[in-house]
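The values are calculated or read from the model by the stated rules, or taken from the named source; none is laboratory data. Everything numeric in this text was worked out from a predicted model, so none of it was measured. For neighbour counting, all protein chains shown are included, and Cβ atoms are generated from backbone atoms with ideal geometry for every residue, glycine included. Accessible surface areas use protein heavy atoms only, side chains included; no ligands, DNA or RNA. Shrake-Rupley method; radii C 1.70, N 1.55, O 1.52, S 1.80 Å.
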Amino acid sequence: ATTEAAPSRPAAAPGALRSFPGRSARSTQFVRRLQEVRDFSSNLLLLGRKGTDFEGICRDLCAMGSQREELVLLPAAALTADALPSRLAGLSTRGASRLTLAVTEPEKLTPETSETLLAIARREGTFADVSVPARFIFCMREELDALFDSGRIDENLYLFMGSMELRVPAVEELRDDIPLIAQSILDHLEGGGLRVDPAGAAFLKEQPWPGDMQQLAKVVTAAAGATQGRSIGQRGLEDAYEGRLAQLRKGTDNLKRSLEEARNDYVQAMVMLCGADEARSAGALGIPRDALRRILDNVQPVG
């Protein structure tokens, strides 16, 4: 008797992934490589620099696969959590064929957390109740050999992690795709409908991005939050890139707080002058009585 294999999902078209919406040759190459390795059974090393959208890539990778996955994002420190065995056992009963554990900052794994990781893979000890196999994605900022040579991971872990590696392109390698990436970020914001104008797109393509995708997302999101119309221009993106929007928001918040405090002091003083008579106080202030009551409900009484 033969077992029928689960039907494979169609290959992801360039631009179809949320984590890599670009259509350049470099983006297309990376998406195709993701498609090729989507059903890896043991371990995958994702190598990218600080700011890489590892979470988005892991989600897209699991969505591509031919099996139903439960994705678990695990910082290295979480591998010591007491609740982890019951958490994984619970997830394994929800109809998934496999657990995919994305381990971030594997260079911070200790001998203790390394043993926990191996116990999960073997489904032994406190992880014996995990009813489906687990595979691991190691989200790395440095080469595996460099971590081993510097003594930051031991030999057992080095051998376990294997050599199946996928390099994530940096934003600077995808300059032609940056406007598409920025638009994808905007399309997934609540409300949507915003667009980057041509001058803004040109500005984004010219900038260095040491913080990679996370920095780009932060800049575009900040500019969107400060935009009054439906189009984001170069000036708004420049302010977001240089961090000026955060300073403006801080200044605005401080001014608002100062004005509220001055208003509250004035209202309380008027209430005292009117002998705590709300109707007289509201009349003297020229505001509705319910507005006066709302102000008084949110301030501490004088004296």
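Of note:
- Cα centroids of the stretch 134-157 and the stretch 193-245: 35 Å apart.
- 1.4 Å probe accessible area per residue over the stretch 41-154, in Å²: 43 Å²
- Contour excess over end-to-end distance, with Cα ends at residue 28 and residue 146 and 0.36 nm allotted per residue: 39.6 nm
- Per-pair calculated FRET efficiency, R0 = 45 Å: residue 289 and residue 16 via Cβ, rounded to 0.05: 0.20
- Shape class for the stretch 104-181, computed from the alpha carbon gyration tensor (a ≥ b ≥ c): oblate, with a/c not under 1.5 and a/b at or below b/c.
- Placing pseudo-labels 7 Å out from each Cα toward the beta carbon at residue 93 and residue 80 gives an inter-label distance of 2.9 nm.
- Accessible surface of residue 174 - all protein chains present, 1.4 Å probe, nearest 10 Å²: 0 Å²
- Here the label points at residue 242 and residue 188, each 7 Å from Cα along the C-beta direction, are separated by 2.9 nm in the simple model.
- Charge dipole of the stretch 154-227 (Cα centre as origin; +1 on each Lys and Arg Cβ, -1 on each Asp and Glu Cβ, all else neutral): 320 debye, rounded to the nearest 20.
- For the pair residue 175 and residue 63, label points projected 7 Å from Cα toward Cβ lie 3.0 nm apart.
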